[in-house]
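Comments concern the structure below.
The values are calculated or read from the model by the stated rules, or taken from the named source; none is laboratory data. Every value quoted in this text rests on a predicted model; they were computed, and no experiment measured them. Glycine also receives a Cβ, built like all others from the backbone with ideal geometry; neighbour counts cover every protein chain displayed. What goes into the accessible areas is simple: the full protein's heavy atoms, side chains included, and nothing from ligands, DNA or RNA. Shrake-Rupley method; radii C 1.70, N 1.55, O 1.52, S 1.80 Å.
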Amino acid sequence: MLKRTIKTFVDRLLKPAKSARPKGPRRYTREEHGIDRRLVSRHAIKVCEVLNHEGYQAYVVGGAVRDLLVGLEPKDFDVATNATPEQIRPLFRRARIIGRRFRLVHVVFGQEIIETSTFRADDSGKQTDEHGRILRDNEYGTIEDDAARRDFTLNALYYDPLTETVIDYHNGVADLKDRQVRIIGDAETRYREDPVRMLRAVRFASKLDATIEPTTDAPIRSLSRLIENVPESRLADETLKLLNCGHAMDCIQRLQALGLHSKLLPMVEPVQRLPGGSEFLDMALARTDTRVRAGKSVSPSFIYACLLWKLVKQEWDRRSAQDMHPQQALLEAADLILEKQSRIMPIQKRFQSDMREIWFMQPRFERIANRAIWRMTEQPRFRAAVDFLQLRAEAKEVDSVQAQWWMDLADAGDEERSTMIAVRKPAGTAATGSRSGQRRTRRRRSNAKRSNAAGGSES
């Protein structure tokens with residue numbers, strides 16, 4: 001009995017507890033992590049090979065590793081290294097140093113850019129504003145420092161494409177397996193350093209169908225006001241990432257629950273209060289999510305046009321009811337809503353221009369004369385406007401048969417388009433007849449009168 005007790009005690013001393021983390025990083029082999037090297041950008045691999053050949057460490061990092069581990073296709077690939085920007089740039093034919101707060105290198109391969117950053121040092125003593133947000137951060141450190149500086153455990157993963165090893169400093173692989181979004185370090189401090197991390201937590205949780213770990217989630221509601229201190233350009237970029245992650249509606253609901261939505265998407269709650277507003281948003285974002293998950297691109301202009309449409313339509317209908325010309329009414333409605341939006345979170349002017357084109361084509365679909373259809377099909381936003389018309393038809397705003405005709409026309413080749421347009425009944429003939437038809441009728445009557453008058457004089 002005593003021998004058994006001693007043996008148990010010795011075993012406990014020699015065998016680490018299951019809950020204890022091993023010292024240093026956990027390294028996963030290809031057989032353990034399952035990443036197929038063929039799915040990694042060959043240009044990212046090339047950057048790692050060149051840096052490694054020059055004696056530097058280099059790893060594929062961040063979101064690409066995370067997505068590969070869970071079976072998603074990464075949108076882009078980043079590399080982290082112990083080489084400085086000045087050491088990286090001469091090694092590649094097309095490379096440029098960018099950034100002030102974070103200096104890094106863009107290595108360009110045709111259409112693909114491999115963002116290459118230097119390992120960051122510990123963030124203690126960094127220059128911050130009155131809210132704790134880091135203003136400058138160009139001090140370099142080791143890979144261990146860099147891992148500690150990353151925001152969430154599932155982003156502190158390093159993939160070596162040469163040895164096909166995943167290096168995990170903060171148990172990120174386990175958190176991915178458990179579908180947990182966990183911040184590294186003290187949550188409140190990390191959110192104050194960069195409030196955008198709160199938005200990233202929401203996006204990762206939605207994209208991965210995960211939960212935000214309790215201590216990571218706890219400070220968000222009380223710190224949500226810090227989002228107002230983030231530059232508009234960064235907020236605009238992060239908003240588009242939220243809307244383009246393939247789970248847009250889930251992101252919006254999480255943002256609302258955490259009080260993070262008012263600065264990013266101020267139009268959502270007013271739209272949801274309108275009749276049919278929630279249903280229209282659900283349909284629009286469901287279509288967007290379907291395209292994203294299928295690997296298709298989605299125009300930011302189209303998404304914003306959908307988000308603001310119900311507000312625009314409300315104003316359009318109100319002005320049209322006052323006997324204003326439909327096109328002028330729509331123009332004024334669009335101006336008003338975009339001006340209100342810009343007071344809170346401006347939409348880039350190039351997106352606003354495209355949104356207007358999509359909106360302004362909508363009344364033309366209902367009343368356009370046949371001879372003008374060809375010119376309309378040549379408009380740059382024609383296909384987006386037809387997709388928008390389809391969405392409106394699904395919302396019972398316009399006739400679904402008419403919307404389908406335009407979709408068939410958009411999908412057709414030139415020869416088929418010619419046939420479709422030739423046999424199409426001119427707009428308005430079903431009710432009162434087209435203006436051209438009325439003019440032809442009047443001309444026939446006038447000619448008949450002149451003919452009769454001429455005949456009477458001769459007799």
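Determine how many Å³ per residue the convex hull of the Cα atoms of segment 208-325 encloses.
Numbers: hull volume 16.0 nm³, N = 118.
Cα convex hull per residue, to the nearest whole number: 136 Å³.
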### Task
Please check which bits of segment 248-270 a label hung off ARG293 would reach, taking the label as a point 7 Å along Cα-to-C-beta and the cut-off as backbone N under 16 Å.
248-252
### Task
Return one whole number: the accessible area per residue of segment 23-68 in Å², for a 1.4 Å probe.
56 Å²
### Task
Take the Cα radius of gyration of segment 49-106 and divide it by 2.2 N^0.38 Å, with N its residue count; two decimals is plenty.
1.24
#### Entry: Rg to Rh, two decimals, where segment 195-260 supplies the alpha carbon set and Rh follows Kirkwood
0.93
### Message
From Cα pairs below 8 angstrom and at least 6 apart in sequence, can you work out the relative contact order of segment 24-81, rounded to a whole percent?
### Response
33 percent
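May I have the convex hull volume per residue, in Å³, for the Cα set of segment 312-379?
On the way: hull volume 5.5 nm³, N = 68.
Enclosed volume per residue, from the Cα hull, is 81 Å³.
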### Task
Give me the percent of Cα-Cα pairs in segment 345-386 that sit more than 14 Å apart, rounded to a whole number.
49 percent
### Query
Taking the highest mean first, how do the peptides 285-293, 257-265, 194-202 order by number of other beta carbon atoms within 10 angstrom per residue?
194-202, 257-265, 285-293
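Accessible area per residue of segment 220-305 at 1.4 Å probe, in Å²?
Details: 3670 Å² over 86 residues.
Result: 43 Å² of accessible area for each residue.
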